[in-house]
Every structure is written in C-alpha cells, then in structure tokens.
Amino acid sequence: MKIIEVKLPDHSYNVEIETGILNCTGQLVSSVWSERKIALVSDSNVAPLYQDQVADALTSVGFTVHNYQFPAGEASKSLSVLADLTRDMAADGFTRDDGVIALGGGVTGDLAGFLAATYMRGISLIQMPTSLLAQVDSSVGGKTAVDLDTTKNIIGSFYQPDLVIIDPETLNTLDRRDLVEGYGEIVKVAALTDGKLWDLVQEINSPADILANAEELSQLSIKYKADVVMGDEKEGGLRQVLNFGHTIGHAIEALAGGKLRHGEAVSIGMVAITRIFEEKGLTQSGVTQKLTDRLEAVGLPITSSLLDSEAVFDKIKNDKKNHAGHLNLIYLHQIGGPAIKSIPSEEIRDFLDIKTLQS
C-alpha cells in the first residue's frame, strides 16, 4: 500500500492507494473513526457498482450506514441537490458525531464534501474517489463546492477529509472518455513538475497505457498536489499554480453546456494559455507542442470552436480567482517551471488576443 501524508496545521490525514483496497474499507475507516452513523453518498452511475460493497464492509465492523444516491452529472452539483441530501440526513437523525463518505467521481467528492462541511456546521468526511479525475485532483486538498447557474464551484469551502481511499481497480469500470479526461489533470501536474512524472507521461500513448500505469500516475500526481497544499492550504500563493489551464478551461467548460468534460476543458485551456505565452516570448519555444503531443496521444482535445466566442472573455473576467481587479494567469516558463502573471481584468481581452486563441 502506498501512503501519502497530508500534514496541515489544523488537520492531517493520509491518502492510501492500493489496487483492491475497496475490500478493506471497514478496517481503514475504523482506524480513523469510532463507530457512528455514516452517510454513504454516490451518484446513479457509481452506486450500483460499489455502494453495497462498501456499505457491507462498513457495517461488518460496526458502523450504521445510510446509502444516499443522486442523479449522475454536473447538474447535480447544485444547491437543490445539496438541500435534498441535507433533508435526508436530518430525517435519518444524523448528528455532529456522525460522518459522510463521498464514494464516486469529482461531482460526488465536491457535493458530498460540501455537504459534510455545512451539515450542522461540519461533520467528519472521508473521500473515496472512483474516477481518475477525482483520484488525482478533487479528492485531495479540501476544496468542496457546488455550482450556481453556469458558474462552477462558486459556493464552497475548504474542508479537509479524515482519510482518502484510492483503489485504481475502480478505473476499470470507467468508459474511455471518463478515463482519459482524468489524464488531462495528470499531464497538467507533470508539466508543472518535470522530473519522474513528466518522464512517465512520455510513455503513455493510449488509454490502455493509462490503466497499466494508473497506480504510479496517481501516486506521483497526488504527492505533488499534497506538497503544494501543505505549503498553501487556502490558495493564497503557491497553490495557485494548480490552476494551470483552468482559467480558460473553466470558461469554455461553462460555455459548452455539458458537452465538454472538466479534464477535456483543462486540456484545451493548457494548450491555449501556453500558446499565448509562448508567442509573447514568456514561455520557452516548443512547450506548446510538447503539451499537445502528450494530450493528443490519448485522444484529449487541444482546441475548441468556443475559443472563438466573445463570451469566453466575460467568463474569464468573472472567474472566482479574480482578486482586487486582477486575474492571476498561470503559465510555464518551461516544462517544470510554472509562473504567475497578474493582469488587470480590463486588460484581459487584449492580453488574451482572440486571434491567438483561435490559432
């Protein structure tokens, strides 16, 4: 078993990674929680696959489990679904001494995490991500949120779990598109770090390669993210580098109306922002092509007709990472060399030249 420690000033926890670890859920959870009532939250895709298995493992060691399910999809990451889950937990008599387990992908982790953060002002949380995107990205670091209208993650909190349990075996039940979109976040981390992870992604040329190397890809990606989070838990400085590709990516994801997955949008966003900075001479020549090669190797998109829309600038200007009239753009000096450039919001349209975005 690979264990990554996340040590924060007020709350520390382990990320435990091993193929087949889902079968050990009862022992793992009982190592951090006393006997209590557990809200086991999954969506309509994941619940039929794993919810009963995990619930049985938990009840076998003395926990009382209530299974909750919501419709799969980003549309469920909403205040209305959050309210429904809160009502269900209240009706079932959950108290501050109980806990929530998020069993599923990124939507589940964000939604159930925010549910734990807000129910009775906060109860215990464990993340059990079952998608590659959730395993390498949203399950670690404590970001929880719901969307409002077309604005992603606008209502949320930083709320750390007590444990993260990752079983790479769950990736075998993902369809190709769901698997590959998570790999977009891995390429992002590899480009930020260089080193062993960047070397490993050079060997990934198909979805089958992703599955064959999933445990090591997850371990290296999570280790980097954990180190960043430990240095900057609330995204005041260093942690902003994890938003590489997200400013443009979130904008086109919102405009796509559900037709683009998060990892696909980030893939497009990384290439777009890198091309802009490379053409301005701020990124080393050839970096855009290196990113493009690694993303296209597994079938990730690298451009979108949505970049041709004026609306993309409105989304970017209203990004929640806008601080005091400035937007911090994350870019690469070179592979392994992330940097931050602060641009006044009113200058964003000129800086992100739409002709450059279209190229």
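Yes or no: Y50 within 23 Å of S218 (Cβ to Cβ) and surrounded by 13 or more Cβ atoms within 10 Å (Cβ to Cβ)? Criteria met by Y50.
For the subset of the stretch 275-305 comprising residues that are in contact with a strand residue (DSSP E or B) (Cβ under 9 Å, 6 or more places away or on another chain) and under 19 Å from E253 (Cβ atoms), which member is surrounded by the most Cβ atoms within 10 Å (Cβ to Cβ)? Applying the filter and picking the extreme gives L291. Looking at T108, is it at pLDDT below 95 and either under 21 Å from V140 (Cα atoms) or under 19 Å from the mean Cα position of the chain (by Cα) (or both)? Here the answer is no, as T108 does not meet what is asked.
The residues on offer are I123, I154, and the sole one that is surrounded by fewer than 18 Cβ atoms within 10 Å (Cβ to Cβ) and touching a Lys or Arg at 6+ places or on another chain (Cβ under 8 Å) is I154.
Any chance the stretch 159-182 includes a residue that's hydroxyl-bearing (S, T, Y), within 24 Å of V241 (Cα to Cα) and assigned by TED's automatic domain parsing to the domain that holds F94? Among the residues of the stretch 159-182, at least one is hydroxyl-bearing (S, T, Y), within 24 Å of V241 (Cα to Cα) and assigned by TED's automatic domain parsing to the domain that holds F94, which makes the answer yes. Assess whether A265 counts as being under 20 Å from the mean Cα position of the chain (by Cα), modelled with pLDDT under 95 and of a type in the set (A, V, I, L, M, F, W, C). Taking the combined requirement at face value, the residue does not satisfy it.
The values are calculated or read from the model by the stated rules, or taken from the named source; none is laboratory data. Computed from a predicted model, the values in this text were never measured in an experiment. With ideal geometry, Cβ positions are generated from the backbone for all residues, glycine too; neighbour counts draw on all protein chains shown.
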